[in-house]
1. Only one of Leu54, Leu49, Leu63, Leu21 is surrounded by fewer than 23 Cβ atoms within 10 Å (Cβ to Cβ) and free of Cβ contacts under 8 Å to residues at least 12 places away in the same chain. Can you tell me which?
2. Among the residues in the range 194-202, are any of a type in the set (Ser, Thr, Tyr), in a strand (DSSP E or B), under 23 Å from Val349 (Cα atoms) and assigned by TED's automatic domain parsing to the domain that holds Lys339?
3. Would you mind stating whether Arg76 is without any contact (Cβ under 8 Å) to a residue 60 or more places away in the chain, among the basic types (Lys, Arg) and out of contact with any strand residue (DSSP E or B) (no Cβ under 8 Å at 6 or more places or on another chain)?
4. Which one is modelled with the highest pLDDT, of the residues in the range 361-390 that are part of a strand (DSSP E or B) and hydroxyl-bearing (Ser, Thr, Tyr)?
5. Taking only pairs six or more apart or across chains, which ones have beta-carbon atoms under 9 Å, a first residue in the range 299-310 that is in contact (Cβ under 8 Å) with a residue 40 or more places away in the chain and outside the structural domain of Ala195 (by TED's automatic domain parsing), and a second residue that is more than 6 Å from the ligand (Cβ to nearest atom) and of a type outside the set (Ser, Thr, Tyr)?
6. Go through Thr61, Thr47, Thr33 for me and flag whichever is of a type in the set (Ser, Thr, Tyr), under 22 Å from the mean Cα position of the chain (by Cα) and in the same structural domain as Ala174 (by TED's automatic domain parsing).
7. Would you point out the residue of the range 149-166, among those that are part of a strand (DSSP E or B) and not β-branched (Val, Ile, Thr), that is surrounded by the most Cβ atoms within 10 Å (Cβ to Cβ)?
8. May I ask you to verify whether Ala87 is hydrophobic (A, V, I, L, M, F, W, C), part of a helix (DSSP H, G or I) and at pLDDT 95 or above?
Amino acid sequence: MLNGKRILLIIGGGVAAYKALELARRLMERGATVKGILTSGGQEFITPLSVASLTNNECYTDLFSLKDEAEMGHIRLSREADLIVIAPATADLMAKMAGGIANDLASTVLLATDKPVMVAPAMNAQMWDHPATKRNIETLKSDGIHFVAPGSGMLACGEIGAGRLAEVPDMVEAIEEFFHGNIQPLTGKHAVVTAGPTHEPIDPVRYIANRSSGKQGFAVAGALAALGAKVTLVAGPVTEETPPGVNRVDVETALQMKAAVDDALPADVAVCVAAVADWRVENDVGQKLKKTKDGLPDFQLTENPDILAGLCSRTDNRPTLVIGFAAETENIVEYATVKRTRKGCDLIVANDVSATTGIMGGADNEVHIISEFGDEAWPKLSKTEVASRLALKIADILESK
Ligand code: C5P
């Protein structure tokens, strides 16, 4: 968390400037206050109004603005922050910093400040590889400037290589690490996470499925690994990338998911995020079902095992903490509270998945954490942020057990 931290966000010119808006939101969700400085290059990509609206603060753009100087002043602006973050940082801005040039608001603030500075560069791959940029980065590092390294991949200019602005969660993590150090409270703990849908075959070409994307479960696995846990992620058929440091086991059906979870035990915590199909087809149809004049195909459904309830009621190897998710479309808290008791789990993370919320398959989630102590409502957050908070909560609970 970044409660009470004041971050001055300098947004340079680059296609990735839009990511700075997302970064500001994520930092604020974690309790930080964010003030923006938008360079003239940055203003070619996003507007001061969008920065001001998203940060609930003034956005500063001009060194020689009478209004800004009267209200704030560039020296005060540079001092009233706990950390200055530059994202995206252009080759030009880094060159100015390395050379001590102060000819606009951003570079003047950076020369005037006595506060720590973190730079997230973004530029074309050739520019990134240029000896001048490399020299400047070395100079800045020896000046004590912190860096969030850019990623590789397809760049806005169409070239492939290094120079893409770091992803928002990586920048948030670097900022949190800067303030709190690299705390890994789950080191030595094993977590099992289920994620995604299951596919239950009807015949060799058809199956029963659901709309689960796996995003939330994958984010939970990633957040637990980021806190140092050894993570086994049992994943149904999804297209999500495996988070760093996570051991992934791919399955298709509920029966396979249950077997993989049982195989992964013992574990300190199990988080069942998967949308497991409630039913599977009982009679094994070896061949593709044909349309016939005699009516509808003849197959029976049978109930799948409840993996979560099974884990909770184990007499051996029950994880210390078992957490379920409850996707509801009405009476969320009430239904989830009943579900927690019925399944015997320690926590239920309940959310509203009715079509209008866009949660199923979307990037955000709004959840209630139901425990024996009642209901804790969290605000609407990205699925990554829900996962980070949940991972911290898991670490707290395991520590107190
Ligand atoms: O009963 P319902 O499907 O709403 O319960 C949701 C919770 O139970 C989720 O945590 C889900 O992963 C888990 N579950 C399970 N096995 C099933 C059905 C649900 O682990 N067969």
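1. Leu49
2. yes
3. Working: without any contact (Cβ under 8 Å) to a residue 60 or more places away in the chain: yes; among the basic types (Lys, Arg): yes; out of contact with any strand residue (DSSP E or B) (no Cβ under 8 Å at 6 or more places or on another chain): yes.
Yes.
4. It comes out as Ser371.
5. none
6. Working: Thr61 fails: under 22 Å from the mean Cα position of the chain (by Cα); Thr47 fails: under 22 Å from the mean Cα position of the chain (by Cα).
Selected residue: Thr33, the only one of Thr61, Thr47, Thr33 that is of a type in the set (Ser, Thr, Tyr), under 22 Å from the mean Cα position of the chain (by Cα) and in the same structural domain as Ala174 (by TED's automatic domain parsing).
7. Gly163
8. no
The values are calculated or read from the model by the stated rules, or taken from the named source; none is laboratory data. Because the structure is a prediction, the values reported are computed rather than measured. Please note: Cβ atoms are built from the backbone with ideal geometry, for glycine as well, and neighbour counts cover all protein chains shown.
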